[in-house]
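The values are calculated or read from the model by the stated rules, or taken from the named source; none is laboratory data. This is a predicted model, so every value here is computed, not measured. With ideal geometry, Cβ positions are generated from the backbone for all residues, glycine too; neighbour counts draw on all protein chains shown.
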Amino acid sequence: MGALKKMNESEQHETAAQEYRKIRRKVLAPEPQAPVKKSLVVAPKQMRVAPPPGEKHPSHYFFTSRIPFDPARIHAAAVYCSDGRLGTQIDDLLHNALQLPRYDRLAIPGGAACLAGHLAAYFEQECVLKQLRFLAGTHNLRRVVLVAHQGCAYYGERLKTPPEKLEEQQRKDLNKAIQRVRAFDENLQVDAFFAHLGETSVDFEEVKF
Ligand SMILES: [Zn+2]
C-alpha cells in the first residue's frame, strides 16, 4: 500500500513535471498568434528562464513572464503619478520616445508634486528625496524624468488646488521639482513632461523652463 502510494506520488510528480516542461517550451517558443506588445519588449542580451523542474515542484512557479530579463541598468529613473490609467502610456514615452528601457520607477500619487515644497506633502517629499538619492547612488542614475498629468486627483484631494489653477500649479511644481532633484546631484539630467489626456490618447508635452 505504501509502495503504491509512493509510486502514485512519483507518477503525479512526473506528470506535473511534463506539463511544466510543456508550458516552458510554449513560453519560450515564439507565438505569432499572441505576440507580446512591441512597446513592452526589450531586445534580449541574456535570457533567464525558470530552472528546470525536478528539484522543485513545478507548482513553485505561478507564472513565467514571456518578457526576457536584461540585467543591464539604463541609469535613468522616472517620477510619476500612481494613476494606473497612464502607466502603459508612460512606459511608451520612456521606452520608445526617450529610448529608456528598464528605467527605475518611482510611482507615487501626484508624482513630482511632492517635490515642490508643499507643506501638506512634507513627509512624502522627504521620503521621495531619500528614495531618489538611494537610486542615484546605488543605480548610478544619470537622468531623471518627471511626468505630471492633466486632471491629477492628488492636487484636488491632497493639496486642495482649485481645478482652474491645476495645470498652472503643476507646471510651477515641475519647475521646483527639477531644481530640487538637481540640488542633490547637479550632474543629473532632469526632464519634465506634461501628459494631456485626450478622449482616446495621451499626448506628452515636454515642459521646458
Ligand atoms: Zn495623478
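When region 56-107 is limited to residues that are under 27 Å from residue 201 (Cα atoms) and of a type in the set (Gly, Ala, Ser), the one that is surrounded by the fewest Cβ atoms within 10 Å (Cβ to Cβ) turns out to be 84.
Look through region 131-157, keep the residues that are of a type in the set (Gly, Ala, Ser), free of Cβ contacts under 8 Å to residues at least 60 places away in the same chain and within 16 Å of the ligand (Cβ to nearest atom), and return whichever of them is farthest from residue 192 (Cα to Cα).
Only one residue tops the list, namely 156.
Determine whether residue 128 is part of a helix (DSSP H, G or I), among the β-branched types (Val, Ile, Thr) and within 16 Å of the ligand (Cβ to nearest atom). Considered against the rule, which asks whether it is part of a helix (DSSP H, G or I), among the β-branched types (Val, Ile, Thr) and within 16 Å of the ligand (Cβ to nearest atom), residue 128 comes out as yes.
Every residue, every condition in (1) farther than 12 Å from residue 114 by Cα; (2) modelled with pLDDT of 95 or more; (3) out of contact with any Pro (no Cβ under 8 Å at 6 or more places or on another chain), yes or no:
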| position | (1), (2), (3) |
| --- | --- |
| 155 | no, yes, yes |
| 165 | yes, yes, yes |
| 168 | yes, yes, yes |
| 173 | no, yes, yes |
| 185 | yes, no, yes |
| 194 | yes, yes, yes |
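Residue 155 meets all of the listed conditions (1) within 18 Å of residue 88 (Cβ to Cβ); (2) in contact with a Ser or Thr (Cβ under 6 Å, 6 or more places away or on another chain); (3) not polar (S, T, N, Q) but one, namely (1). In region 63-88, the residue that is farthest from the chain's Cα centre (by Cα) out of those that are part of a loop (DSSP other than H, G, I, E, B) and among the hydroxyl-bearing types (Ser, Thr, Tyr) is 64. Taking region 162-204 as the range and being surrounded by 13 or more Cβ atoms within 10 Å (Cβ to Cβ) and of a type in the set (Asp, Glu) as the test, the residues that pass are 167, 173, 185, 191. Only residues that are outside any helix (DSSP H, G or I) and within 18 Å of the chain's Cα centre (by Cα) were counted across region 137-182, and they come to 11. In the set (1) in a loop (DSSP other than H, G, I, E, B); (2) within 16 Å of the ligand (Cβ to nearest atom), the condition left unmet by residue 187 is number (2).
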